[in-house]
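The values are calculated or read from the model by the stated rules, or taken from the named source; none is laboratory data. What you see is a predicted model, and the numbers here were worked out from it, not measured in a lab. Using ideal geometry, Cβ is built from the backbone for each residue, glycine included, and neighbour counts are taken over all protein chains shown. Just so you know, the surface numbers come from the protein's heavy atoms only, side chains and all, with ligands and any DNA or RNA stripped out. Shrake-Rupley method; radii C 1.70, N 1.55, O 1.52, S 1.80 Å.
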Amino acid sequence: MRMTPDSIERYARHLVLKEIGGPGQQALLGAKVVLVGAGGLGGPAGLYLAAAGVGQITIIDDDQVEASNLQRQVQFVHTDVGMPKAVVMGDTLRDLNPDIRVTHHITRLTAGNAERLLAGHDVIIDGVDDFATRFAINAAALVLKTPLISGALGRFDGQVMGFASDGSGPCYRCFVPEIPPDAETCAAVGVVGALAGIIGSMMALEVIKLITGAGQPLLGRLYLYDGLSGEGRTVNLPRDSHCPQCGSR
Ligand SMILES: [Zn+2]
């Protein structure tokens, strides 16, 4: 793929980075990323990936924009309330970067359709807020052997983790084997809006690292951010041989 003068200007700040440069930008332009969830995490992740020139972005979300989303889902404006999130975000990403192809599915990802919807992508982003959907994404990622970047938010705390999905390391269910009985939702406990920007942007950065080969991807590792103290730390996630999804049991 030959870069045009316009794209050389658009991606100039990537092209001068030794970790990305021309080959990395070409890889981004040729990459296919699927975003499950167009909410607090999927919003910033999708915006930064579109801006970065990821050539194909697929958005899967069945929700409509609600007024209570606007406190953190900055990809939407107040006149979007009532519109399907996948449609609004698709239009926003196309406006942001006409170089890329954006497709959307106004549908709920389930165990029944996950493999079909996620197939054909280089990286999967899990930006959902319920464990049943996370488990369905993880199961399909393992079948498809497609790397998965997952994020979570609650109150002032955020998490980012990555899974290679090729059997070389842990999967999401090595980390969360079963749905926690005391699982909290942001609707119940709250979440500070700016945290969605931090964690969603980190997810985009991890995708960019995976596609370009820059740095050390967060595969098999979990980054925990405590927004109240302003401190973060990274821990290794071990593979669990008794994992209900990827274990030998
Ligand atoms: Zn596992």
Fraction of antiparallel bridges per DSSP, the chain only, in percent to nearest 5:
50 percent
What is the spin-label model distance, in nm, from Q245 to V16 if the labels are put 7 Å beyond Cα along the C-beta direction?
4.1 nm
V77 to Q216: extension gain in nm, 0.36 nm per residue of separation minus the Cα-Cα distance?
46.5 nm
Computed over region 137-226, the relative contact order (Cα-Cα under 8 Å, seq sep at least six) in percent reads 38 percent
Using a 1.4 angstrom probe and counting only protein chains, how large is the accessible area of K145 in Å², to 10?
130 Å²
Region 41-92 and region 189-235 have their Cα centres apart by a whole-number Å value of 19 Å
Within the chain, how many Lys pairs sit with Cα atoms under 24 Å apart, leaving out pairs fewer than 8 places apart on the same chain?
6
Give me the accessible area per residue for the chain, probe 1.4 Å, as a whole number in Å².
47 Å²
Mean projected area, convex hull of alpha-carbon positions in region 5-236, reported to one decimal in nm², is 12.4 nm²
Summing +1 for each Lys or Arg and -1 for each Asp or Glu, what net charge is found among the other residues whose Cβ lies under 12 Å from the Cβ of L35?
0
For the chain, which whole percent of the accessible surface, found with a 1.4 angstrom probe, sits on carbon and sulfur atoms?
53 percent
Residue-ordered couplings for region 87-104, obtained by feeding phi - 60° into the Karplus form 6.51 cos²θ - 1.76 cosθ + 1.60 and rounding to whole Hz (Gly and Pro as x), are 5, 4, 5, x, 4, 4, 5, 5, 5, 5, 9, x, 5, 9, 9, 10, 10, 9
Computed lengthening from V235 to E115, 0.36 nm per intervening residue step minus Cα-Cα distance:
40.3 nm
